[in-house]
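The values are calculated or read from the model by the stated rules, or taken from the named source; none is laboratory data. Keep in mind the model is a prediction, meaning the values are calculated, not measured. Cβ placement follows ideal geometry from the backbone for every residue including glycine, while neighbour counts extend to all protein chains displayed.
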């Protein structure tokens with residue numbers, strides 16, 4: 001069955017430090033992979049997505065993610081975190097179910113940023 | 001502006017009192033979906049719709065109903081809410097192409113007492 005695992009429930013980093021959020025997926029076919037961010041009290045905003053091609057994808061707000069098929073991973077990175085990046089981050093895989101393209105989400109990683 | 005609009009943003013209700021959360025999108029998307037978000041569980045799909053009059057159950061449909069009479073609207077109905085339906089709900093729409101992902105509404109925080 002398709003699934004997404006985000007091993008880190010909560011991460012705290014200092015402002016200016018680098019960030020890596022982990023995501024592992026289970027999906028039989030070529031996956032469509034997404035990262036969404038949810039700021040407090042807000043909906044989900046798409047950060048970036050991957051389907052094919054270059055395995056390093058760039059997104060908004062200075063984020064990037066690398067697809068590694070051999071590790072079934074799609075980790076999100078940012079070289080220098082800003083206080084405004086504090087939010088909850090969700091990794092998702094797009095799966096076809098009954099002809100419908102659904103998103104299967106991980107449990108999320110909550111990021112706190114120290115000044 | 002392309003968007004998904006949910007109402008209300010916040011709702012407190014009592015057990016057993018029927019309620020409807022509305023969802024509307026202005027992108028002419030065929031696919032729409034409802035998710036609930038609970039701590040430690042991420043987002044789980046409740047119901048989805050592939051087109052007008054076409055709806056199907058997601059992963060956690062018990063206690064919910066939906067309808068899709070118009071392309072732009074996809075209301076979520078709780079006919080007899082219970083406290084375990086206290087959650088944050090999101091409506092989302094998609095063009096249907098897998099790589100396009102979803103556009104999400106701002107969410108509805110529901111508390112059932």
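Yes/no per residue for (1) surrounded by 13 or more Cβ atoms within 10 Å (Cβ to Cβ); (2) under 19 Å from residue B:37 (Cα atoms); (3) at pLDDT 95 or above:
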residue	(1), (2), (3)
A:32	yes, no, no
A:41	no, yes, no
A:46	yes, yes, no
A:49	yes, no, no
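For residue B:101, are the conditions met, namely being modelled with pLDDT under 95, within 14 Å of chain A (Cβ to nearest Cβ) and surrounded by 14 or more Cβ atoms within 10 Å (Cβ to Cβ)? Yes. Examine region B:48-65 for a residue that is in contact (Cβ under 8 Å) with a residue 60 or more places away in the chain and either out of contact with any strand residue (DSSP E or B) (no Cβ under 8 Å at 6 or more places or on another chain) or more than 25 Å from residue A:109 (Cβ to Cβ) (or both), and state whether such a residue exists. Within region B:48-65, none of the residues are in contact (Cβ under 8 Å) with a residue 60 or more places away in the chain and either out of contact with any strand residue (DSSP E or B) (no Cβ under 8 Å at 6 or more places or on another chain) or more than 25 Å from residue A:109 (Cβ to Cβ) (or both). The set of residues in region B:26-54 being more than 10 Å from chain A (Cβ to nearest Cβ) and under 12 Å from the mean Cα position of the chain (by Cα) consists of B:32, B:34, B:36, B:46, B:47.
Across region A:82-115, the qualifying residues are those that are touching a helix residue (DSSP H, G or I) at 6+ places or on another chain (Cβ under 9 Å) and more than 14 Å from chain B (Cβ to nearest Cβ), and the one among them that is farthest from residue B:44 (Cα to Cα) is A:115. Can you find a residue in region A:13-22 that is within 25 Å of residue A:115 (Cβ to Cβ), more than 14 Å from the chain's Cα centre (by Cα) and in a strand (DSSP E or B)? Within region A:13-22, one or more residues are within 25 Å of residue A:115 (Cβ to Cβ), more than 14 Å from the chain's Cα centre (by Cα) and in a strand (DSSP E or B). Quick check: is even one residue across region B:31-51 at pLDDT below 95 and over 26 Å from residue A:4 (Cα atoms)? There is at least one residue in region B:31-51 that is at pLDDT below 95 and over 26 Å from residue A:4 (Cα atoms).
Only a single criterion out of (1) touching a helix residue (DSSP H, G or I) at 6+ places or on another chain (Cβ under 9 Å); (2) within 14 Å of another protein chain (Cβ to nearest Cβ); (3) farther than 27 Å from residue A:95 by Cβ is not satisfied by residue B:112, namely (2).
Only one of the numbered conditions (1) more than 11 Å from chain B (Cβ to nearest Cβ); (2) exposed (fewer than 14 other Cβ atoms within 10 Å of the Cβ) is not met by residue A:64, and that is (2). Within the group A:61, A:49, which residue is farther than 25 Å from residue B:47 by Cα and within 14 Å of the chain's Cα centre (by Cα)? Just a single option satisfies the conditions, and that option is A:61. Taking residue A:41, is it in a loop (DSSP other than H, G, I, E, B) and within 11 Å of another protein chain (Cβ to nearest Cβ)? Yes; evaluated as a whole, the condition is true for this residue.
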